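Only one structure is covered here, and it is reproduced in the block below.
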Amino acid sequence: CNIRLLGGLISAHILAKDYSSQNKDGVYQNQLLHLAENLGSRFLPAFETPTGLPYAWINLKYGVMENETTETSTSGCGSLILEMGALSRLTGDPRYEAAALRALRKLWSMRSSLNLVGSTLDVLSGNWIEYSSGIGAGVDSFYEYLIKAYILFGSDEYWDMFHSAYLAVQKYFRHGPWYHEADIRTGEATHWQLTSLQAFWPGVQVC
């Protein structure tokens, strides 16, 4: 919802603004940005946890439902800063970027002594549920968003996180030209498998 819907609305708004400025027809009046802000505000209750890590699921009309699962993925907590950060910059409302950044910082603080992050966690306790991790499903976009956030916002904080995480990935997950999963506490290989969601990694390396 964050990547496809909020990201789509923000991207479309920027394109519409660019088109409108070139043609000066006055038709576009930030309608898409207003929708994005409405949607972003509905996300915020998900971040109201002791850790600042957001629930994976939220009802956009009623908020976080009773007995909602507290389990989420690293990607779910660590792939929010681009859209939420852009929304804050475009609207002047700092709440969105602040919520996403707090979650990202908390997630990074949970890394192991090897600078590796797990794949699933509990948003209330801030404890890892799954210690086996890699660059595939459940973790992939965490790495992608760190380097892209540095490119988009220019903060060295994002680069420092990405650089440390990247070096750890190359040291503990890489085996020749392939990447496997490993236990974030020991670096020992756990699953020797190749998945389609790992295909983004060369693109990240080119950045």
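Identify all residues within the stretch 1-34 that are within 30 Å of residue 66 (Cα to Cα), free of Cβ contacts under 8 Å to residues at least 60 places away in the same chain and surrounded by fewer than 17 Cβ atoms within 10 Å (Cβ to Cβ); write none if there are none.
Here is the first cut: in the stretch 1-34, the ones within 30 Å of residue 66 (Cα to Cα) are 1-9, 34.
Subsequent filtering for residues that are free of Cβ contacts under 8 Å to residues at least 60 places away in the same chain retains 1, 4-5, 8-9, 34.
The answer is 1, 4, 5, 8, 34.
Candidates in the stretch 8-56 are the residues that are aromatic (Phe, Trp, Tyr) and outside any loop (DSSP other than H, G, I, E, B); of these, the one that is nearest to residue 106 (Cα to Cα) is 47. Pairing residues of the stretch 101-119 that are within 16 Å of residue 164 (Cα to Cα) and modelled with pLDDT of 95 or more with residues that are assigned to a loop (DSSP other than H, G, I, E, B) and open to solvent by 30 Å² or more (accessible area, probe 1.4 Å), at Cβ distances under 7 Å and at least 6 apart in sequence or on separate chains, gives 112/185; 117/111; 118/131.
All conditions in (1) closer than 27 Å to residue 118 by Cα; (2) touching a residue at least 24 places away in the same chain (Cβ under 8 Å); (3) open to solvent by 40 Å² or more (accessible area, probe 1.4 Å); (4) not charged (D, E, K, R) hold for residue 65, with the sole exception of (2).
Taking every residue in the stretch 146-161 that is open to solvent by 50 Å² or more (accessible area, probe 1.4 Å) and pairing it with any residue that is not in a helix (DSSP H, G or I), at least 6 positions away or on another chain, the pairs with Cβ-Cβ distances below 8 Å are 148/207; 151/207.
The residue that is modelled with the lowest pLDDT, counting only those in the stretch 184-207 that are open to solvent by less than 40 Å² (accessible area, probe 1.4 Å) and touching a Gly at 6+ places or on another chain (Cβ under 6 Å), is 198.
Let's see how each residue does on (1) in contact with a strand residue (DSSP E or B) (Cβ under 6 Å, 6 or more places away or on another chain); (2) in contact (Cβ under 8 Å) with a residue 60 or more places away in the chain; (3) open to solvent by less than 40 Å² (accessible area, probe 1.4 Å):
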residue: 40; (1), (2), (3): no, no, yes
residue: 61; (1), (2), (3): no, no, no
residue: 72; (1), (2), (3): no, no, yes
residue: 75; (1), (2), (3): no, yes, yes
residue: 86; (1), (2), (3): no, yes, yes
residue: 94; (1), (2), (3): no, no, no
residue: 99; (1), (2), (3): no, no, yes
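One residue stands out in the stretch 162-183 among those that are touching a strand residue (DSSP E or B) at 6+ places or on another chain (Cβ under 9 Å), open to solvent by 40 Å² or more (accessible area, probe 1.4 Å) and in contact (Cβ under 8 Å) with a residue 40 or more places away in the chain: the one that is farthest from residue 140 (Cα to Cα), namely 172.
The values are calculated or read from the model by the stated rules, or taken from the named source; none is laboratory data. Computed from a predicted model, the values in this text were never measured in an experiment. A quick note on method: Cβ atoms are made from the backbone with ideal geometry, for glycine too, and the neighbour counts reach across all protein chains shown. Areas reflect the complete protein model, heavy atoms only, side chains present, ligands, DNA and RNA absent. Shrake-Rupley method; radii C 1.70, N 1.55, O 1.52, S 1.80 Å.
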